[in-house]
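> Sharing a structure below in structure tokens format, with a few things to ask.
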Amino acid sequence: DRAIAHDPSYSMAHSGRAFALVVSTGWVPWMPIKTALAEGLASANEALRLDPENAEAYLVRGVVKTFMFEQTQGRPDMDRARELAPGSVDVMNFLGDELTNTGDLRGAERLKRQAMALDPLFFVHPGNLATILRAQGRPGDALQMGNRSVSLGGADFGNIEVFFAQL
């Protein structure tokens, strides 16, 4: 918000705000989720008005639409973000989530592995990959990724052995 106040025409400040709002809904929401998504979408749209080539803004707009169960509207924005920023870990991560949600588990696995290769210390990627591998019927591989996530600080998989023992 301070960057926007300093320079309202700076597209990346608007898309950065949008990204922070949308990501916060999955971690520690500090405002109602519908409000965060609406404000995130507005900020992404403003970023795109200022710079029609802003990959982060396309990504956020696509993520918001998919969060609102509008996959057919959100996916083109996510694909455009990937065209503009093919090496972006954030694009790989969120597009991988979208592929998981729409049933393309192999495509999701490929993107999550690419994200892990570029960002090997972030616990989210192996944690997400554990879920994908489990859905593919690969519990041993899923357990390995879950343990990797835990070793990197991922609390969501703290009882991973118990979870998989119940399968």
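What follows draws every value from the coordinates through simple rules; no lab data is involved. Model, not experiment: these values are computed from the prediction. Cβ atoms come from the backbone with ideal geometry, glycine included; neighbour counts cover every protein chain shown.
> Please report the net charge: other residues with Cβ closer than 15 Å to the Cβ of P120, K and R +1, D and E -1.
So the environment of P120 carries a net charge of +2.
> Also: Can you give the net charge of the other residues whose Cβ lies under 14 Å from the Cβ of S24, counting K and R as +1 and D and E as -1?
Cβ neighbours under 14 Å give a net charge of 0.
> For the chain, what is the convex hull volume of its Cα atoms per residue in Å³?
It is 121 Å³ per residue.
> Work through the residues other than Q73 whose Cβ is under 10 Å from its Cβ and net out their charges, Lys, Arg +1 and Asp, Glu -1.
Around Q73, the charge tally is +1.
> I need the shape label for the range 76-139. Rule: rounded when a/c is under 1.5, else prolate if a/b > b/c, else oblate, with a, b, c from the alpha carbon gyration tensor.
It comes out oblate by the Cα gyration axes.
> Starting from 0.36 nm per residue, how many nanometres of slack lie between E53 and K34 once their C-alpha separation is accounted for?
Answer, rounded to one decimal: 4.2 nm.
> Find how many whole Å separate the alpha carbon centroid of the range 101-151 from the alpha carbon centroid of the range 45-76.
24 Å
> Now for a different question. Over the range 1-158, what is the mean sequence separation of C-alpha contacts under 8 Å (at least six apart), divided by residue count, expressed as relative contact order in percent?
Reported as a whole number, the value is 13 percent.
> Mind checking the full-extension length gain between R110 and R2? Use 0.36 nm per residue of separation minus the Cα-Cα distance, one decimal, nm.
35.1 nm
> Related question: Given the -39500 (n - 2.57) contribution per DSSP H run of 4+ residues, what per-residue ellipticity at 222 nm results for the chain, rounded to the nearest 500 deg cm²/dmol?
Value at 222 nm, helices only, nearest 500: -23000 deg cm²/dmol.
> Can you tell me the FRET efficiency between E83 and Q144 if r is taken as the Cβ-Cβ distance and R0 is 30 Å, rounded to the nearest 0.05?
0.35
> Right, something else. In nm, to one decimal, how far is the modelled label at D119 from the one at S24, with both set 7 Å along Cα→Cβ?
That separation, rounded to one decimal, is 1.9 nm.
> Quick check: pseudo-label points 7 Å beyond the Cα along Cα→Cβ at S9 and Q71, how many nm apart are they?
If labels sit at S9 and Q71, their model points lie 4.1 nm apart.
> Sorting check: for 11-19, 115-123, which peptide has the highest mean count of neighbouring beta carbons within 10 Å, and how do the rest follow?
11-19, 115-123
> So between A42 and L152, what do we pick up on full extension, going 0.36 nm a residue minus the alpha carbon distance?
36.2 nm
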